[in-house]
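Asker: One structure, pasted below without further comment.
Rule-based calculations on the coordinates, nothing more; no lab input. Here the structure is a predicted model, which means the values were calculated and not measured. Cβ atoms come from the backbone with ideal geometry, glycine included; neighbour counts cover every protein chain shown.
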There are 2 protein chains.
Amino acid sequence: MNEQTLPEAAYPVDVRNRVKRRHDRGAYDHASVHAVLDAGMLAHVSYVIDGQPYCTPTIHWREGTRLYWHGSSASRMLRAQAGGVPVCVTVAMLDGLVMARTGMNHSANYRSVMCFGEAALVEGAEEKSAALLAMIDRYFPGRNATLREFSAQDIKATKVVGMEIAAASAKVRADLNHDEPEDLDNPTWAGVIPVSTVIGAPEPCPHNGPEAIRSGLDAYAPGRRLDEAMVELAHLYEGAAR
Amino acid sequence: MNEQTLPEAAYPVDVRNRVKRRHDRGAYDHASVHAVLDAGMLAHVSYVIDGQPYCTPTIHWREGTRLYWHGSSASRMLRAQAGGVPVCVTVAMLDGLVMARTGMNHSANYRSVMCFGEAALVEGAEEKSAALLAMIDRYFPGRNATLREFSAQDIKATKVVGMEIAAASAKVRADLNHDEPEDLDNPTWAGVIPVSTVIGAPEPCPHNGPEAIRSGLDAYAPGRRLDEAMVELAHLYEGAAR
């Protein structure tokens with residue numbers, strides 16, 4: 001068990017990540033933060049160009065306390081993040097609509113993490129290639145061996161950004177509706193309507209052969225929750241990396 | 001039919017929202033932008049405090065070319081956005097994992113919108129109350145009539161932020177995998193694994209009476225795609241507002 005999996009390991013708290021509202025829902029420990037990062041495939045990366053905030057959605061992956069994302073070498077986001085700029089990476093999932101007996105007490109169940117740090121390009125063809133192979137490994141374990149290898153042009157056309165998580169907070173609501181005692185007689189329907197992201201039936205490429213190699217796809221069973229598959233794959237990846 | 005539903009109505013394009021990478025996937029017309037905004041319940045709002053970007057997830061709603069979101073009066077995000085500050089509001093949905101025969105050609109299907117403008121607080125108890133009633137109407141049509149009304153304290157404890165969309169772009173990928181002709185013989189499985197967010201079985205509050213009033217819940221049928229329910233409700237709301 002390495003440091004970042006010790007239950008007491010936590011991200012430092014500063015003005016950026018201190019949970020002010022409903023701090024009972026906030027957490028800074030690695031386990032809580034990583035659980036949300038790992039359950040989500042889609043991150044939102046915020047950065048500033050000339051005082052203007054931008055928020056770009058992208059696929060992310062985590063190694064220990066580092067986050068990575070990637071894109072085209074022509075991407076405005078990645079060019080802006082080349083030189084060590086402050087970013088905020090947020091991963092959030094809606095888990096349910098919470099219906100109460102007043103508008104005020106309506107809420108949502110969700111999991112979210114905000115991570116702060118300085119983003120910088122991964123430099124060097126070998127380092128970039130290793131990072132892109134790691135991304136495939138994290139999402140599709142074993143699949144790299146079945147793919148045509150990256151060409152020098154592939155690597156050149158791609159930028160990879162890494163960020164050490166300097167501060168982070170997780171905020172989670174997973175609860176029933178709460179009403180004031182005096183509102184309980186109100187005859188409206190109250191409760192929770194859960195929502196979840198699920199995996200659908202695969203749509204094979206018409207060029208697939210009859211015995212196409214399915215390495216790395218086992219976790220993506222049709223009908224399964226995507227967050228569960230993501231967490232299982234993150235654990236596999238973390239285990240294999242040690 | 002009002003201006004914003006004319007097919008040719010579009011957001012102006014400037015340095016903030018011009019789609020640079022894969023501009024064939026980008027669109028600026030109201031219909032394309034609103035379709036993504038309306039299909040999603042969760043927005044990510046980016047803003048800057050002292051040069052540091054923040055990205056906060058929140059529920060949003062749209063009225064014509066204006067976006068709204070809300071939160072506690074104690075929220076750091078909403079205090080930062082009180083005075084007309086530049087923000088970027090992004091709504092994005094992952095629709096599928098696109099598996100190709102090289103790492104380079106892997107992709108994702110998604111829908112995303114980035115909206116730029118200046119956020120400002122909705123001021124005045126009456127205006128805030130109207131905005132919060134509108135939010136309930138947009139998500140749960142008819143439900144307001146079944147709820148205990150907002151108290152003065154409810155309104156005081158809540159901040160509502162509005163933003164006229166000054167610039168926006170939608171970017172969508174909804175496609176098969178694409179491989180180079182010379183890679184098609186590679187024996188790995190290629191294709192698309194779709195993902196979607198679906199509505200689960202409702203979890204009723206134990207205090208509900210046997211005939212709890214279900215106004216505004218019809219769209220949330222268990223097993224249904226959430227984005228479809230959201231779009232249907234947006235159209236109902238838009239129709240009722242005219």
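Asker: Quick check on the exposure proxy: order B:Phe150, A:Phe140 from fewest to most C-beta atoms within 10 angstrom.
Answerer: Values: B:Phe150 20, A:Phe140 25.
Ordered by Cβ neighbours within 10 Å, fewest first: B:Phe150, A:Phe140.
Asker: Follow-up. For n ≥ 4 DSSP H runs only, could you compute -39500 (n - 2.57) per run for the protein assembly as shown, divide by its residues and tell me the 222 nm figure to the nearest 500? Could you put the intermediate results ahead of the total?
Answerer: Numbers: 10 runs with 102 residues, N = 484.
The helix contribution divided over the protein assembly as shown gives -6000 deg cm²/dmol.
Asker: While we're looking at this one, here's another question. Which of rounded, prolate or oblate describes the stretch A:1-160 when judged by the alpha-carbon gyration tensor and an a/c cut-off of 1.5? Spell out each step's value before the answer.
Answerer: Values: a/c = 1.86, a/b = 1.62, b/c = 1.15.
Prolate shape, in that a/c is at least 1.5 and a/b is the bigger ratio.
Asker: Between their Cα atoms, which of A:Lys171/B:Lys20; A:Lys20/A:Lys159; A:Lys159/B:Lys20 are more than 25 Å away from each other? Intermediate values should be presented prior to the final figure.
Answerer: Working: A:Lys171/B:Lys20 34 Å; A:Lys20/A:Lys159 35 Å; A:Lys159/B:Lys20 15 Å.
Too far apart for the 25 Å limit: A:Lys171/B:Lys20; A:Lys20/A:Lys159.
Asker: Using a Förster distance of 51 angstrom, determine the FRET efficiency expected from the C-beta separation of B:Glu149 and A:Ala157, and round it to 0.05.
Answerer: Working: r = 58 Å, r/R0 = 1.13.
Efficiency computed from Cβ-Cβ geometry: 0.30.
Asker: Okay, moving on. Summarise the partner chain shielding of B:145-156 as one whole number: the mean count of Cβ atoms from other chains within 10 Å of each residue's Cβ. Write out the running numbers ahead of the final one.
Answerer: Values: counts 1, 5, 12, 13, 3, 3, 3, 0, 1, 4, 2, 0.
Mean partner shielding for this stretch: 4.
Asker: Give me the net charge for the shell around B:His70: Cβ to Cβ below 11 angstrom, other residues only, Lys and Arg +1, Asp and Glu -1.
Answerer: Details: positive: B:Lys128, B:Lys159; negative: none.
Charge balance near B:His70 sits at +2.
Asker: Further question: Ordered by residue, what ³J(HN,Hα) values in Hz, to whole numbers, does the stretch A:200-211 give under the Karplus form 6.51 cos²θ - 1.76 cosθ + 1.60, where θ = phi - 60° and Gly and Pro are x?
Answerer: Karplus values, whole Hz, x for Gly and Pro: x, 6, x, 10, x, 5, x, 7, 4, x, x, 10.
Asker: May I pose another question? Which cross-chain or sequence-distant (5 or more) residues have an amide H under 5 Å from the amide H of A:Ala167, H modelled 1.01 Å from N in plane?
Answerer: Those lying under 5 Å, H to H, from A:Ala167 are A:Phe116.
Asker: Another question about this same structure. How far, in nm, would the chain grow between A:Glu232 and A:Ala82 when pulled straight, counting 0.36 nm per residue and subtracting the alpha carbon separation?
Answerer: Working: separation 150, 0.36 × 150 = 54.00 nm, distance 3.18 nm.
Additional length available on full extension: 50.8 nm.
Asker: Got a sec? How would B:Cys115, B:Cys205 order by Cβ neighbour count within 10 Å, fewest to most?
Answerer: Numbers: B:Cys115 30, B:Cys205 21.
In increasing order of surrounding Cβ atoms, one gets B:Cys205, B:Cys115.
Asker: Kindly identify the stretch B:102-242 as rounded, prolate or oblate by the Cα gyration tensor criterion: order the square roots of the eigenvalues as a ≥ b ≥ c, call it rounded if a/c is under 1.5, otherwise compare a/b with b/c, prolate if a/b is larger, else oblate. Show your work: numbers first, answer last.
Answerer: Working: a/c = 3.27, a/b = 1.73, b/c = 1.89.
It is oblate, given that a/c is not under 1.5 and a/b is not larger than b/c.
Asker: Could I have the simple spin-label model distance between A:Ala240 and B:Asp24, label points 7 Å from Cα toward Cβ, reported in nm to one decimal?
Answerer: So the two model labels end up 3.2 nm from each other.
Asker: Further question: If each of B:Glu203 and A:Asp185 carries a label point 7 Å out from its Cα toward its Cβ, how far apart are those two points in nm?
Answerer: About 2.9 nm separates the two model spin labels.
Asker: Fewest first, what order do A:Tyr110, B:Tyr28 take by the number of other Cβ atoms within 10 Å?
Answerer: Working: A:Tyr110 21, B:Tyr28 18.
Least crowded to most crowded, the residues run B:Tyr28, A:Tyr110.
Asker: Please list, in chain and number order, the residues 5+ apart from B:Val195 or on another chain whose amide H is under 5 Å from its amide H, with Hs placed from the backbone.
Answerer: For B:Val195, the qualifying residues are A:Gly200, B:Gly96, B:Leu97.
Asker: Report, by chain and number, residues whose modeled amide H sits under 5 Å from the one on B:Gly26, excluding near sequence neighbours (fewer than 5 apart, same chain).
Answerer: Counting only residues 5 or more places away or on other chains, the set is empty.
Asker: Label-point separation (nm) for A:Ala125 and B:Ile49, each offset 7 Å from Cα along Cα-to-Cβ?
Answerer: My value for the distance between the label points is 4.5 nm.
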